[in-house]
Amino acid sequence: MTERFTGSFTQQEPIPEAGIDAALAVLRHGRLHRYNTAAGEISETALLEQEFAATVGSRYCLAVASGGYAMTTALRALGVKPGDRVLSNAFTLAPVPGAIAAVGAEPVFVGVTEDLTIDLDDLAAKAGRAEVLLLSHMRGHICDMDALMALCNAVGIRVIEDCAHTMGAAWNGVPSGRFGAVGCYSCQTYKHVNSGEGGFLVTDDADLAARAVMLSGSYMLYERHLAAPPREAFEQIRYETPNISGRMDNLRAAILRPQVADLAAQCARWNDRYRRLEAGLRDTPGMRLTHRPQAETIVGSSIQFLLLDWAPEDVRAVIARCAARGVELKWFGAAEPVGFTSRYDSWRYAPASSMPASDRILAGVVDMRVPLTFSLEDCDLIARIIRAEVSAVYQGQTAAAE
Ligand SMILES: *Cc1c(COP(=O)(O)O)cnc(C)c1O
């Protein structure tokens, strides 16, 4: 009998009861705007920022409307202006080059390695072209951050980390988002905490934090924050920083606080699932699993493998055969952007010179989400299905080539 998987790849877990209760309390008192507080009250948003800062060990934290907003705010706070160039990953998702375009700047794409991290040699080669790197830890893959920071520090490049897929992850014990000048996170439904939409920006730099608070639309009420710098930091910049509203609200903050408190436990559950899938897929003929270095503390909320140098029709056959058995894979390398685009040449508003070594890798990237609603047995079953279908197509392919 052919096994089939019948679960959903897009179904996340419900909001924890504590979050539902807290959300109802906010709805009942009606003070949803973060600066709308009763006498002596501290807003859910201010508390959330304080708690998230403590979680990642940052001095400052600002909660905002989305991960994309966190990135544009970080770019603006760092002084990126229209016409500037910003280095970024060729392998990422649309909100990343979109954030660069939103401030009128132009991305300079940096290549990808077979382990799906930024190519440090290509970064070194392009380092002279921009003063800021928007580094995307795409699909949770963290490059050698010590080497990256040494390179960027040596040439004066400031780093913004896009941690949409690495909330809870670390490199050599240092949380993702704590290497660069600013770390940005997303609280969108498909990320590691879920408030529908939302984001965080963290930094240790008082000037950047103050600018970000002003940019987000603080109406000069920055003293109601618990994880913002003291008023001195605002003295000058309050006159020169525009209000580009993108605040977090108390309803979302109420939903998020128990999830932030639970983050480490949830990450461990993701990793249990990831390791089961990885074990089930290991040594599948024709497939290359990405290597996860010892220094990397992962959050396995998705898994990727490479079908390197496969003909496009064979990759398509694997995707179709798995889909027929209920396993939803995404081919990030498809020439036409569908759903989630992740090829730098799909973003035609940004000029891109060709990168053959990266193109070869991107053409073979297959991705699968791992929602926590999957059981460990589900993961075993999914791995068996993928293994069987990749092997079947690979053997057909090999036979045809002989
Ligand atoms: C989701 C995501 C973001 C942030 O997205 P929002 O939807 O704006 O919260 C940033 N980078 C990557 C790689 C993402 O997948």
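The values are calculated or read from the model by the stated rules, or taken from the named source; none is laboratory data. Being a predicted model, the structure only gives us computed values, none of them experimental. For neighbour counting, all protein chains shown are included, and Cβ atoms are generated from backbone atoms with ideal geometry for every residue, glycine included.
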Any hit, the stretch 134-149, residues being more than 22 Å from ALA169 (Cα to Cα), without any contact (Cβ under 8 Å) to a residue 60 or more places away in the chain and out of contact with any Asp or Glu (no Cβ under 9 Å at 6 or more places or on another chain) | no
Can you find even one residue in the stretch 206-213 that is within 20 Å of ASP262 (Cβ to Cβ), touching a strand residue (DSSP E or B) at 6+ places or on another chain (Cβ under 7 Å) and of a type outside the set (D, E, K, R)?
-> no
Looking only at the stretch 197-242, which residues are within 16 Å of the ligand (Cβ to nearest atom) and part of a loop (DSSP other than H, G, I, E, B)?
-> GLU197, GLY198
Selection over the stretch 170-202 where residues are touching a residue at least 40 places away in the same chain (Cβ under 8 Å) and buried (at least 24 other Cβ atoms within 10 Å of the Cβ) yields a count of 16
Which condition number does THR290 fail, the rest of (1) surrounded by fewer than 20 Cβ atoms within 10 Å (Cβ to Cβ); (2) in contact with an Asp or Glu (Cβ under 7 Å, 6 or more places away or on another chain); (3) more than 23 Å from VAL112 (Cα to Cα) being met?
-> (3)
Would you check which residues across the stretch 148-195 are among the aromatic types (Phe, Trp, Tyr) and either within 16 Å of the ligand (Cβ to nearest atom) or out of contact with any strand residue (DSSP E or B) (no Cβ under 7 Å at 6 or more places or on another chain) (or both) and list them?
-> TYR185, TYR190
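Of the residues GLU49, GLU17, which single one is surrounded by fewer than 17 Cβ atoms within 10 Å (Cβ to Cβ) and within 30 Å of ARG269 (Cα to Cα)?
Answer to the check: GLU17.
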Within the stretch 294-304, is even one residue more than 25 Å from TYR185 (Cβ to Cβ) and not in a loop (DSSP other than H, G, I, E, B)?
-> no
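Give the number of residues within the stretch 53-70 that are of a type in the set (S, T, N, Q) and within 16 Å of the ligand (Cβ to nearest atom). Let's see the steps before the verdict.
First pass over the stretch 53-70, keeping only residues of a type in the set (S, T, N, Q): 55, 58, 66.
The next check asks that each one be within 16 Å of the ligand (Cβ to nearest atom); those that pass are 66.
Of the residues in the stretch 53-70, 1 are of a type in the set (S, T, N, Q) and within 16 Å of the ligand (Cβ to nearest atom).
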Given (1) closer than 25 Å to ALA265 by Cβ; (2) touching a Leu at 6+ places or on another chain (Cβ under 6 Å); (3) surrounded by fewer than 20 Cβ atoms within 10 Å (Cβ to Cβ), index of the condition LEU32 fails = (1)
Across the stretch 76-101, what is the number of residues that are within 13 Å of the ligand (Cβ to nearest atom) and either surrounded by fewer than 24 Cβ atoms within 10 Å (Cβ to Cβ) or of a type in the set (Gly, Ala, Ser) (or both)?
-> 7
So which residues in the stretch 279-293 are farther than 16 Å from GLY333 by Cβ and either assigned to a loop (DSSP other than H, G, I, E, B) or not assigned by TED's automatic domain parsing to the domain that holds ASP359 (or both), if there are any at all?
-> ARG282, ASP283, THR284, PRO285, HIS291, ARG292, PRO293
Within the stretch 54-68, tally of residues that are over 23 Å from ASN243 (Cα atoms) and either surrounded by 24 or more Cβ atoms within 10 Å (Cβ to Cβ) or of a type in the set (A, V, I, L, M) (or both) | 2
Could you tell me whether ARG76 is of a type in the set (Lys, Arg) and closer than 19 Å to ASP119 by Cα?
-> no
Please tell me if ARG129 is closer than 16 Å to ALA352 by Cα, surrounded by fewer than 24 Cβ atoms within 10 Å (Cβ to Cβ), away from the ligand (no atom under 13 Å from the Cβ) and of a type in the set (D, E, K, R).
-> yes
Filtering the stretch 16-31 down to residues that are part of a loop (DSSP other than H, G, I, E, B) and under 24 Å from VAL202 (Cβ atoms) yields PRO16
